[in-house]
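As structure tokens, the structure follows; a few thoughts come after it.
The values are calculated or read from the model by the stated rules, or taken from the named source; none is laboratory data. Note that the structure is predicted; figures quoted are calculated from it, not measured. All Cβ positions, even for glycine, are placed from backbone atoms using ideal geometry, and neighbour counts span all protein chains on display.
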Amino acid sequence: MPSRASQATRAIGAAFAAVLAFLADPESAGAQTDAQALPTVRPSIAIEPQNGAAELAYEIFFGGARIGVLDGRATVDERGYELTFRFRTDGVLAWAVEGRSVARAIGMVSADGGFTPRLYETSGTWNGSHRSVALEFGAAGQIERISTKQDKPEERDAVPEDKRVGLDPITLLMSVARNPQTDGTWQERATFDGRRVVTYRWRCGERSELKPTSTSTFAGEAVLCIVSGRQTAGFHRSARRIFDFDKPGRLWLAPVRGLGVHMPVRLVMDTEWGGLMVYATRTGRAPDM
């Protein structure tokens with residue numbers, strides 16, 4: 001049976017594939033629903049852009065225990081977009097796993113507001129084992145070059161050439177966050193991150209007021225999106241189902257005033273190893289990144 005640290009690490013991996021996790025049933029995961037919100041213990045935060053960028057820090061919980069911190073930085077204007085996420089293990093998980101990772105997407109904004117990726121890159125170190133991936137895109141958004149480095153390349157199945165298409169996962173998130181369709185229509189899109197192919201399905205509902213809880217200090221207008229994902233290629237040979245989400249989950253996106261984009265502020269996700277929750281806790285960068 002996998003160790004608790006191994007389970008938590010896999011859960012984090014699942015969360016990043018769903019673009020830093022955003023899914024599931026709060027009650028079954030042991031989280032507080034909005035109606036059961038506990039008294040706020042920290043001042044609620046508001047997302048205000050600084051120097052043209054929105055920055056938020058997050059805390060990550062697995063099975064009720066804090067296991068990591070995360071931050072995100074987004075910029076978008078008529079010239080292009082950039083979205084970066086940084087992660088490190090923390091709390092009980094840091095006792096067993098020393099891990100850090102960075103994922104970034106850069107691209108162009110078309111006249112109709114669509115996003116065309118130019119670069120996607122991610123790198124990380126887990127207990128001394130390093131891996132990195134970079135995708136370079138052409139003017140039409142087609143992949144022109146893939147660069148990968150990892151200590152154990154044999155641990156993952158290769159992705160067939162005909163499946164190395166689609167947006168990178170961060171650009172997909174950016175596309176949804178720019179203008180969430182709030183009519184409840186299901187949408188679907190495949191992503192390729194250089195190592196795996198995951199197809200996501202999502203639908204976003206009406207805007208509502210999100211209440212703070214004892215752990216999630218954001219309060220204000222947000223859009224709730226229901227998300228699910230299924231991996232179709234690039235399987236890890238020891239964990240073939242790590243990026244499949246049998247239960248659709250919940251991601252809340254909040255608008256950033258003056259920037260024309262939304263940022264994730266809360267997510268709750270059920271995994272086969274336990275409940276995974278990520279909460280926005282402050283504006284700016286996370287500490288010690």
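Condition check for Gln181 on (1) of a type outside the set (Asp, Glu); (2) outside any strand (DSSP E or B); (3) touching a residue at least 60 places away in the same chain (Cβ under 8 Å): one failure, at (3). For first residues located in region 130-147 and more than 13 Å from Gly194 (Cβ to Cβ), partners that are outside any strand (DSSP E or B) and modelled with pLDDT of 95 or more and lie 6+ apart or on another chain with Cβ distances below 7 Å do not occur. Candidates are the residues of region 203-225 that are in a strand (DSSP E or B) and in contact (Cβ under 8 Å) with a residue 40 or more places away in the chain; the one that is surrounded by the fewest Cβ atoms within 10 Å (Cβ to Cβ) is Gly220.
Just one residue in the set Lys152, Lys163 is touching a strand residue (DSSP E or B) at 6+ places or on another chain (Cβ under 8 Å), in contact (Cβ under 8 Å) with a residue 40 or more places away in the chain, under 20 Å from Arg237 (Cβ atoms) and of a type in the set (Lys, Arg); that residue is Lys163. Selection of region 148-179 for residues being farther than 17 Å from Val198 by Cα and surrounded by 14 or more Cβ atoms within 10 Å (Cβ to Cβ) yields Gln150, Ala177, Arg178.
Filtering region 110-129 to residues that are polar (S, T, N, Q), touching a residue at least 24 places away in the same chain (Cβ under 8 Å) and over 15 Å from Gly194 (Cβ atoms) leaves Thr116, Thr125, Asn127. Against the list (1) charged (D, E, K, R); (2) in contact (Cβ under 8 Å) with a residue 60 or more places away in the chain; (3) buried (at least 23 other Cβ atoms within 10 Å of the Cβ), the condition Arg266 fails is (2).
Per-residue answers, yes or no, for (1) over 24 Å from Gly114 (Cβ atoms); (2) in contact with a helix residue (DSSP H, G or I) (Cβ under 9 Å, 6 or more places away or on another chain):
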residue: Ile146; (1), (2): no, no
residue: Lys152; (1), (2): yes, no
residue: Arg156; (1), (2): yes, no
residue: Trp186; (1), (2): no, no
residue: Asp193; (1), (2): no, yes
residue: Lys211; (1), (2): yes, yes
residue: Gly220; (1), (2): yes, no
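Among the residues making up region 191-232, those that are of a type in the set (S, T, N, Q) and more than 17 Å from the chain's Cα centre (by Cα) are Ser208, Thr213, Ser214, Thr215, Thr217, Thr232. Total residues in region 101-147 satisfying the condition of being more than 17 Å from the chain's Cα centre (by Cα), crowded, with 18+ Cβ neighbours inside 10 Å and among the aromatic types (Phe, Trp, Tyr): the figure is 2. For the subset of region 70-94 comprising residues that are among the hydrophobic types (A, V, I, L, M, F, W, C) and within 16 Å of the chain's Cα centre (by Cα), which member is surrounded by the fewest Cβ atoms within 10 Å (Cβ to Cβ)? Filtering region 70-94 for residues that are among the hydrophobic types (A, V, I, L, M, F, W, C) and within 16 Å of the chain's Cα centre (by Cα), the one surrounded by the fewest Cβ atoms within 10 Å (Cβ to Cβ) comes out as Phe85.
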